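Engineer: Input: one structure, supplied below.
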Amino acid sequence: MPPKCNRLQPWQYDKAIYRKRNEVERLFRRLKGFRRIFSRFEKLDVVFMAFLHFALIVEALR
């Protein structure tokens, strides 16, 4: 996490890693829109993974 701009002794952080972490967090937030994923309606793991892949493809096409 980057330090606040008014901090007297700011610490060092890797901006590239922070950017990737932010992308992953935003992806999980968008996946929450697919109610089937987070409420786990499917009983079979194969069907759950298929819908997860479907949701990721839909997000990639946006």
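Engineer: Can you tell me which residue within the range 38-62, out of those that are surrounded by 11 or more Cβ atoms within 10 Å (Cβ to Cβ) and β-branched (Val, Ile, Thr), is modelled with the highest pLDDT?
Structural biologist: The qualifying residue modelled with the highest pLDDT is Val58.
Engineer: Additional query: Looking at the range 1-50, which of its residues are aromatic (Phe, Trp, Tyr) and in a loop (DSSP other than H, G, I, E, B)? Reasoning before the result, please.
Structural biologist: Here is the first cut: in the range 1-50, the residues aromatic (Phe, Trp, Tyr) are 11, 13, 18, 28, 34, 38, 41, 48.
Scanning the range 1-50 gives Trp11, Tyr13, Phe34, Phe41.
Engineer: Another question about this same structure. Go through (1) surrounded by fewer than 10 Cβ atoms within 10 Å (Cβ to Cβ); (2) at pLDDT below 85; (3) of a type outside the set (Lys, Arg) one by one and return the number of the condition Phe34 breaks.
Structural biologist: Failed condition: (1).
Engineer: List the residue pairs whose Cβ atoms are under 8 Å apart, where the first residue sits in the range 10-31 and is more than 28 Å from Phe54 (Cα to Cα) and touching a residue at least 24 places away in the same chain (Cβ under 8 Å), the second is of a type in the set (Phe, Trp, Tyr) and surrounded by 11 or more Cβ atoms within 10 Å (Cβ to Cβ), and the two are 6 or more positions apart or on different chains.
Structural biologist: none
The values are calculated or read from the model by the stated rules, or taken from the named source; none is laboratory data. Keep in mind that what you see is a predicted model, and the values were worked out from it rather than measured. All Cβ positions, glycine included, derive from the backbone under ideal geometry; neighbour counts span all protein chains shown.
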